[in-house]
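Right, one structure below, let's go through it.
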Amino acid sequence: MIWPSRGGADLATDRRARVAEALRAELSDLIAREIKDPRVTRGLVSLGEIQVNRDLSVAHVGVSVLVGDPDGALAGLQAAATFLRGPLARRLKLRIAPHLTFYLDRGHEMSRRLGDIIRDDDRKRREADGTSDEPTDADEPTDARAQADGEAGDGGSDTGEDAGRSSEDSNA
């Protein structure tokens with residue numbers, strides 16, 4: 001039997017993605033259970049994207065600090081990086097314990113800002129139109145969905161009427 005060939009680059013990328021996901025899960029657990037640094041434990045820290053190099057010796061970890069001091073939490077995590085390497089490699093059964101570098105990931109902050117801008121723009125548009133009491137576009141069905149519902153309703157009503165007539169005919 002001949003197995004289909006997947007390029008070596010694909011296999012390496014798949015492995016790096018799997019290791020990055022496993023790193024995220026184990027790092028989350030280690031940070032929650034093992035780190036006692038008040039700069040980290042005072043706030044709410046969320047792990048974002050993790051980038052791993054080809055030989056899995058370095059991992060860049062994106063961190064979002066949802067509550068607390070971002071700079072303090074980042075400094076606390078960077079100080080704990082050497083402590084985290086050993087348990088992390090043992091849990092994941094990695095030959096080389098990855099060198100961890102943490103950086104501030106501002107994705108959550110940007111997402112929140114964009115949501116605020118969209119809501120503000122929508123509010124201004126409704127005020128300009130004088131329709132501040134109407135629901136937003138997200139609450140209304142799209143044209144395609146309304147047409148599909150209308151077609152389905154028309155087809156179903158014909159069948160229902162036919163069924164009603166046939167039962168009336170049989171009763172008469």
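The values are calculated or read from the model by the stated rules, or taken from the named source; none is laboratory data. Just so you know, these numbers come straight off a predicted model, no measurement behind them. Cβ atoms come from the backbone with ideal geometry, glycine included; neighbour counts cover every protein chain shown.
Starting from residues that are modelled with pLDDT under 90 and farther than 16 Å from R15 by Cα, keep the ones in segment 48-71 and report whichever is surrounded by the fewest Cβ atoms within 10 Å (Cβ to Cβ).
So the residue we want is V67.
Criterion first (of a type in the set (D, E), farther than 20 Å from R16 by Cα and not in a strand (DSSP E or B)) does D71 satisfy it? Give the steps one after another, and end with the answer.
Details: of a type in the set (D, E): yes; farther than 20 Å from R16 by Cα: yes; not in a strand (DSSP E or B): yes.
Yes, satisfied.
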